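Student: Before I ask anything, let me first share the structure, which is written out below as structure tokens.
The values are calculated or read from the model by the stated rules, or taken from the named source; none is laboratory data. As the structure is a computational prediction, the values presented were derived from the model and not from experiment. Positions of Cβ are backbone-derived with ideal geometry, glycine not excepted, and every protein chain shown enters the neighbour counts.
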Amino acid sequence: MAQRRQQQQVEDRVRLLFAGQDGWIHQLEEQKVTEIGALGGFSLGSRPKLVKRFAKALGKNESLKKLCLDNCDLRDAGVSYIAKALLRNDTLDCLSLCNNSIKVKGASHLAKLLKDNKTLRNVSLNSNNLRDSEIEYFAAGLRVNDTLRILYLNHNHIGDTGTADLADSLAFNHGLVELHLRGNNIGKIGAQYISDALKANKNLGMLDLGGNNIGDTGAESLATALLFNQSLWKLNIDWNNLSDKGIVGFSTALESNKTLTDLRTWGNDFNEFGDPGMYQHVIERLLKRNKETKEKQFREALNSEESATWNRSRLMFVGQGKAGKTATVRSLLGQPFVADWDSTIGADISEVKSTREKGEWRKDSLNSESDPVSSYFAARIMLGMGKPKLHVLREQIGSEEKKYVQKTNKTKTTYEKQDKKYVREARLDKNTGSSSRNKVAKDSNTMMNSPGGRKNEVVQEYDENLLLNARNDADALILSLWDFGGQKVFYAMHHLFLTKHGVYLLVFDMREILNLRTRNAAMKYMSFWLSSIRLHAPLSPILLVGTFLDRIDSEGDLREINNILREKMKSSAAQIINCDSEDLVFFPVDNEKGFGIIELRLKIEEVARNGSLFNEQVSMRFINFLDELLSAKYRENEQKPFLTLPVVKKMASKVGINNSATLLMALEFFHECGMLIHLTATQALTNMIILKPQWLIDALSKVIRDVDNVQHVHDIDEFANVGLKADLDMVSENALASRDFLEYVWEKEHVDFLIDLMRHTMLLSEWNFQRNFGKEKLFLIPSLLRDKKTFKGENAFMKNKPSCIFDFSTGFLPIGVFERLICLVVGHSVICRKKQIQIDYNSELMEPKLYLNFGSIEFEPGLILNILRRDSDIHDLQQIVLVVEDISRSAEGFVVVQAMLQKLNNDVMGTGLVWDILFESPGDKEEQVLSYDEAKKQSISPWFDQDKNFNSRSDSVEILNADIDNFLESL
């Protein structure tokens, strides 16, 4: 009875632990857990239904990193459930299934997992009574796996046959760094198999063969392998029945092997040939030599002026909302298709690594706290992957070793015979942009090749795995993926994040191109994005990606889409990358079934590897500076996601960057790569360095969001509960945000900084008009003006009034330009109102009347500017129209609006906007339209009045680089 009660208590505990309200299954389903461990002692093999539920939740989970199910008696059935589930999981990094009685069936499922899973880095299968029959399956999976780094197979029953299978896998495996085979049945024949594999393997760094029975013959085979192997740094052969005869071979092999630094030989019998100390002494001396040589080379590389290729690029996914951008990103990452995935708010940033050009991506991230980038780069330079100056690394060694080096150097290429190559600093092509930093760089392109001033020695801990990882990732490509939200409301802020380097993917729904009712709208979105890319990145490659291939009926439909795109996209043809296999200008994909994804991945990699970012030579000094920035980004005791320029200058000086031009050059490069945000149009923007781009995107997206989209809209009840229902209504209906509203959505963190940044990037302006006179400060956010507030009175607005037309029709008028113009006009009006109140407290400027496409704003007392955005697909018009209420002051209005357009073009649009200026005057029969030059030549009134001088206004053009406050004051 007591035993039954105890069993029931265990059963209840297991159910609670796994299936309870806060159990592991619930936490997996809610994405709340990153690590599950210490579950040993529960016999899950007798609970298949529970294991099946757990596995189902595991397959859908995207948060778990580490799973330990040791000593759970899973048996073949349970292991099979877990392995099948992990085929759908793309986040788990570490899996431990020790002591679970795995047999052939379980091993076969684990083999399939190894073949297909791209995220597991550490697998432990100790004490599972695995025999050669199980290892045969497992080795087959290992043979094609390039992701796994550490494998534990200790204390099983692996014999020579199983060792032969593992050795065969090692000869082809390119990823495994550590292999633990301690306590098996490996003999001298198995050791010979492993020895042959080590001669071909270039990645394995640590091999544990302790507690086997390789004997002297096996040890001699391994010593011979060291004459060829250049990756192994640690070898454990303790407790293997070795004598002096077996160990002497290592003293000979280490004369030429410069890689091994740790050889474990405890528990062996070194008595047969006398004193083993002689051999041990030689071995220890040579191991010490190897270690000290590597450490010295590492320090010198870390503090050198050498460089290595950047091996990184940036992908930007753009397109209409609901076109399938996020689904395409997930497909490229190998993640399962989710039909009802929420649309992206703002933008999502992720990082992936692809190795050996197999078109397989796994998530990756930079964290300088745990894995300094400088250490990785220094290791690559040590391996000769950089472009060295005449930088010779030599080791002063004893006379015995020197004789050996003299002999072996006859067959080696020395540093002195290499071509002398000078390091080209991390600079972007001077001909592909017009930012102020590029102009500085032209005069400073050798700054980083010179010492650049005193610097502190950079110190990082040397780890043997650094060289192994660098060798393994020699051809790795790291991609920063930016998935931009497709809703129009986000377009105004996207201009802050689009850069001139990288690869763009324009994603569209092929069904909407075929459907006559939706074709025009779909093509308009595509044209908008192609024009935006040309504006910011005129030389960057573009891949057009058509989604919903499964809904396309025939090859003829694909050809029809192709013909439509080819005709409409002529202006961007030079940038568009074709799908050669299908002879199409776009890449058709089915994200649900995965058709077309592999080809798309491979093409992206090909384009990225040929791009300027990937091949850029980046100096160690830049990389050491990046580590300083990343260290600040991830420092736990400092939650600031941004830094000021003076702080960054101090960080740069630590690594020898004491020149401001060089510092700006480095910041520009990392901005282009998407690793930080650094805008430089004005001094105020230059002073802000955002270390966490995703933080900034998320913060802006808490304010700028699609209030008509149910997935994006704020929770009304939530705001009502905190007394901000009226504030939320004001944002939704009038695009006006209170300080309380901003503090709430930003959780009272960095509110002043974010307001200042939005103001300087013209996403927001102050609002101090009559409705909030004497109350808290309000802020206008024009990109939140809604469609229902579209201005319909254009005919009355234009009737019998002269107008100035800023015509973008020959180029492009991006979403966000009109909104920023409204910001600037309102901003100046606010300044004038403050001054007016100081003169006459009862004086009041007219409160602006704002619509989605129109604004009537009293710029200053008596100067009312009526500004209209005019779009017409029929006539292909993209215009901003100005009508000044007081016709006699039209010239003033023209000068200030022209200056404001130049200002926002300079600050936000990279000077890429082009427009013509036309003047339209009402006539008796038809309106007269004159170009700027014609109107000026004829001194057409009221725009060019000889009796009035507005030079003070036009002088504002000369201060385009001024901060926003100074600029507005100057008007």
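Student: If you scan the stretch 97-125, which residues turn out to be farther than 17 Å from N145 by Cβ and either touching a residue at least 40 places away in the same chain (Cβ under 8 Å) or crowded, with 18+ Cβ neighbours inside 10 Å (or both)?
Tutor: Listed by number, the residues that qualify are C98, N99, N100, S101, I102, G106.
Student: Here is a check on your reading of the model: is L663 in a strand (DSSP E or B), without any contact (Cβ under 8 Å) to a residue 60 or more places away in the chain and either out of contact with any Phe, Trp or Tyr (no Cβ under 8 Å at 6 or more places or on another chain) or in the same structural domain as N624 (by TED's automatic domain parsing) (or both)?
Tutor: When the stated conditions are applied, L663 does not pass them.
Student: Now for a separate question. Name the helices (runs of 4 or more DSSP H) wholly inside the stretch 20-119 in which the number of residues that are over 27 Å from G175 (Cβ atoms) is 1 or more.
Tutor: 24-29, 48-60, 75-86
Student: A85 fails exactly one of the following numbered conditions: (1) farther than 23 Å from R149 by Cα; (2) surrounded by 20 or more Cβ atoms within 10 Å (Cβ to Cβ). What is the number of that condition?
Tutor: (1)
Student: Take the residues in the stretch 831-853 that are part of a loop (DSSP other than H, G, I, E, B) and modelled with pLDDT under 85, then tell me which one is surrounded by the fewest Cβ atoms within 10 Å (Cβ to Cβ).
Tutor: N842
Student: From L913, L865, grab the single residue that is part of a loop (DSSP other than H, G, I, E, B), within 30 Å of L757 (Cα to Cα) and aliphatic (A, V, I, L, M).
Tutor: L913
Student: So I880 ticks every box in (1) within 21 Å of I864 (Cβ to Cβ); (2) crowded, with 21+ Cβ neighbours inside 10 Å; (3) at pLDDT below 95 but one. Which box is left unticked?
Tutor: (3)
Student: With the stretch 145-235 as the region, which helices (runs of 4 or more DSSP H) entirely inside it contain at least 3 residues that are within 23 Å of W266 (Cβ to Cβ)?
Tutor: Helices (runs of 4 or more DSSP H) meeting the threshold: 188-200, 215-225.
Student: Another question, if that's okay. Every residue in the stretch 196-220 that is among the polar types (S, T, N, Q) and either surrounded by 23 or more Cβ atoms within 10 Å (Cβ to Cβ) or not assigned by TED's automatic domain parsing to the domain that holds N257 (or both), please.
Tutor: Listed by number, the residues that qualify are N201, N212.
Student: Moving on to the next point. Suppose the filter is modelled with pLDDT of 95 or more, outside any helix (DSSP H, G or I) and not basic (K, R); does I689 pass it?
Tutor: Criteria met by I689.
Student: Restricting the first residue to the stretch 489-516 and requiring it to be touching a residue at least 40 places away in the same chain (Cβ under 8 Å) and buried (at least 22 other Cβ atoms within 10 Å of the Cβ), which pairs with a second residue that is part of a helix (DSSP H, G or I) and aromatic (F, W, Y) meet a Cβ separation below 6 Å and a spacing of at least six or different chains?
Tutor: If the second residue must be part of a helix (DSSP H, G or I) and aromatic (F, W, Y), the pairs left are L506/W529.
Student: Name the one entry in S571, S631 that is modelled with pLDDT under 90 and over 26 Å from R312 (Cα atoms).
Tutor: S571
Student: Among the residues of the stretch 954-965, is there at least one that is assigned to a strand (DSSP E or B) and either modelled with pLDDT of 85 or more or outside the structural domain of K801 (by TED's automatic domain parsing) (or both)?
Tutor: no
Student: Same structure, new question: Scan the stretch 155-191 residue by residue and report those that are at pLDDT 95 or above, closer than 16 Å to N126 by Cβ and over 38 Å from the mean Cα position of the chain (by Cα).
Tutor: H155, N156, H157, I158, G162, R182, G183, N184, I186
Student: In the stretch 540-567, what residues are outside any helix (DSSP H, G or I) and under 28 Å from T499 (Cα atoms)?
Tutor: S540, P541, I542, L543, L544, V545, G546, T547, listed by residue number.
Student: Is it true that I533 is crowded, with 18+ Cβ neighbours inside 10 Å, assigned to a helix (DSSP H, G or I) and free of Cβ contacts under 8 Å to residues at least 60 places away in the same chain?
Tutor: Taking the combined requirement at face value, the residue does not satisfy it.
Student: Take the residues of the stretch 68-79 that are of a type outside the set (A, V, I, L, M) and buried (at least 22 other Cβ atoms within 10 Å of the Cβ): which is farthest from I102 (Cα to Cα)?
Tutor: Per the stated criteria, the residue is C72.
Student: Is one or more of the residues making up the stretch 298-321 assigned to a helix (DSSP H, G or I), at pLDDT 90 or above and surrounded by fewer than 17 Cβ atoms within 10 Å (Cβ to Cβ)?
Tutor: Checked against the condition, which is being assigned to a helix (DSSP H, G or I), at pLDDT 90 or above and surrounded by fewer than 17 Cβ atoms within 10 Å (Cβ to Cβ), the stretch 298-321 yields at least one hit.
Student: Still on this structure, I have one more. Yes or no: E599 in contact (Cβ under 8 Å) with a residue 60 or more places away in the chain, assigned by TED's automatic domain parsing to the domain that holds A537 and either outside any helix (DSSP H, G or I) or of a type in the set (D, E, K, R) (or both)?
Tutor: Here the answer is no, as E599 does not meet what is asked.
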